[in-house]
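Scroll down for the structure; my scribbles are underneath it.
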Amino acid sequence: MADSTWWYRGGTSKHDLHYRREAEVNTTLEELLLYFVFLITLCILTFGMVNPHMYYLNKVMSSLFVDTSLPGDERSSFRSIRSITDFWKFMEGPLLEGLYWDSWYNNQQLYNLKNSSRIYYENVLLGVPRVRQLRVRNNTCKVSVFQSLMSDCYSKYTADNEDVSDFGLQRDTEWKYSPSPANAPWHWGFVGVYRDGGYIFTLSKSKSEARTKLADLRVNSWITRGTRVVFIDFSLYNANVNLFCVIRLVAEFPATGGLLTSWQLYSVKLLRYVTHYDYFIASCEIVFCIFLFVFITQELRKLNEFKSAYFKSIWNWLELLILVNFLLLGRLLENTESYPDFYFLAYWHIYYNDIIAITIFFAWIKILKFISFNETMSQLSSTLSRCMKDIVGFAIMFFIIFSAYAQLGFLVFGSQVDDFSTFQNSIFAQFRIVLGDFNFAGIQQANWILGPIYFITFIFFVFFVLLNMFLAIINDTYSEVKADYSIGRRPDFELGKIIKKSYLNVLEKLRLKKAQESEDKKMRTTGDLAHQARKEGFSETEIQGAEQMKAWKERLEKKYYSTEIQDDYQPVTQQEFRELFLYAVELEKELHYISSKLNQVMRKLHQ
């Protein structure tokens, strides 16, 4: 076999391997460009769903219904009420005043009040507000002592403890139980998880009738000891910015007594195609569907090739959900005399937004697939992959100690410090301590002995010991990766270098002197080094040997560390074997020479 023809194991020639590498490079570049176009389209879609007016709409509605002071008490609002008396003050005060805007500021009537209220003159109240409560049955808990003092016992809310019987006047819907609709979302509150349904009534379109209704419910004790939560739901639409605002005010009545308030304000864009920009978004959606079809086709080919479950797409389900939303939206807008359950649409729309947010996050993360753009990013990837086992082992030890401290904090401070009131809050509080955000005064006040001991030992073991161990693992692995890169163990495929080389090749074809100038510069650099070596007293034999070693090194590196030709089997001809052998012999001589010099230096130092 001639030396000029090299064949790889499996019958692949060097020329074919080079062609295959070039095809892989072109395919990777095309995939990268296509993915960037897809990512830009996806970003336009996701950001097109977000309106900057959402924040301001939520803020103005929050200030109206949550922060407005109660009548006769300027320091209390829905945010801070803690008793049933204050709750009825809110219902008959700030709630009614906020829902019903009778006229303009100069008492001029600008619209037909029979149609709907216009909150802040710009936001149309859709339908009428709905109020509902959930109750628990009596004797849902057992009184073991003090039975003579306590004849009734109402436990916390659960589905098993829920009261479904009629109570009070038993004449209207607010006194009769209405079952929960199928597949209705549950509400996660402070002290319980509540289902839909309950004892429901709607307010009238007339402010005076609504006031009379609320007064009648207050007089007849609609809220009793068995009440565990009251929901106030209503929806608004602002045509100026094409946004729906779905509002839910929640008052929980825990078994401990008192009252806890919370609220949810969802500003969503349910009518999607109104402006020209919306139709531009629609065109991007078409492009996205095309990309989706292309990517699904590619993954189906991979499935056919690898015969394994690899690809599962949820985008079709999400698009189907949007179509269902449109159908439900049309039905909800038909009747204006009843409560339109926009909360159902807003609830799933928020989940849809959350899924899209997670999708765009992973879409950006996928760019790390092309992490070999340059040596630094490749080193980062190699460092993380190489130290993964050590990090997993460290994480187990870290979370054992971290969980032990979280349980200690919850058991010792949980009854007095809000940051440790639950085990989950204790975990978050400890992460905040690591970041420097902590309430040491509260910990010390809760337990003046165990508080400082807990804080000091946690800071020492977690902050000073464990975190520094984590950094040491990363730093040690990074040093190993840097050492490997310094001796030539580079990644098989560095896209950045290939792009740079292609760019230089184009410049060389356009300007033929480019390559010659680079070669002349290289020769000048070599000549300057030789001249400098002669000045420093090196002999001609040493200089020629160094130049020969450098030529061998460049030729061998081009052969075995080239980004153009990489394969599991690197062929070696007889001539190359001889050169490699001579190269190794010369390296051994150099090492022996350096070793002798070092021994001489060491002897002089000992003397």
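The values are calculated or read from the model by the stated rules, or taken from the named source; none is laboratory data. Just so it is clear, the structure is predicted and the values come from calculations on it, not from any experiment. Note that we place each Cβ from the backbone using ideal geometry, even for glycine, and neighbour counts take in every protein chain shown. We work out accessible area using only protein heavy atoms, side chains counted, and drop any ligands, DNA or RNA first. Shrake-Rupley method; radii C 1.70, N 1.55, O 1.52, S 1.80 Å.
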Odd one out for residue 196, checked against (1) in contact with a strand residue (DSSP E or B) (Cβ under 7 Å, 6 or more places away or on another chain); (2) under 30 Å from residue 157 (Cα atoms); (3) charged (D, E, K, R): (1)
So, in region 380-436, how many residues would count as being in contact (Cβ under 8 Å) with a residue 40 or more places away in the chain and farther than 26 Å from residue 451 by Cα? 7
Considering each residue of region 52-81, count those that are in contact with a Leu (Cβ under 8 Å, 6 or more places away or on another chain) and either open to solvent by less than 50 Å² (accessible area, probe 1.4 Å) or modelled with pLDDT of 90 or more (or both), and give that number. 11
Got a sec? Which strands (runs of 3 or more DSSP E) wholly within region 154-258 have at least 3 residues that are in contact (Cβ under 8 Å) with a residue 60 or more places away in the chain and open to solvent by 10 Å² or more (accessible area, probe 1.4 Å)? 227-238
Kindly evaluate residue 86 against the criterion of being in a loop (DSSP other than H, G, I, E, B) and over 27 Å from the mean Cα position of the chain (by Cα). no
Would you check if residue 40 is at pLDDT 80 or above, in contact with a helix residue (DSSP H, G or I) (Cβ under 7 Å, 6 or more places away or on another chain) and either of a type in the set (Val, Ile, Thr) or within 30 Å of residue 360 (Cβ to Cβ) (or both)? no
Would you check if there is a residue in region 212-220 being more than 30 Å from residue 275 (Cβ to Cβ), of a type outside the set (A, V, I, L, M, F, W, C) and in contact with a Gly (Cβ under 8 Å, 6 or more places away or on another chain)? yes
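Yes/no matrix, rows are residues, columns are (1) assigned to a loop (DSSP other than H, G, I, E, B); (2) modelled with pLDDT of 75 or more:
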position	(1), (2)
336	yes, no
339	yes, no
360	no, yes
364	no, yes
377	no, no
391	no, yes
397	no, yes
402	no, yes
405	no, yes
Are any of the residues in region 275-297 on the phi < 0 side of the Ramachandran plot, in a loop (DSSP other than H, G, I, E, B) and either surrounded by fewer than 20 Cβ atoms within 10 Å (Cβ to Cβ) or in contact (Cβ under 8 Å) with a residue 12 or more places away in the chain (or both)? yes
Among the residues that make up region 106-115, is at least one of them at negative phi and within 31 Å of the chain's Cα centre (by Cα)? no
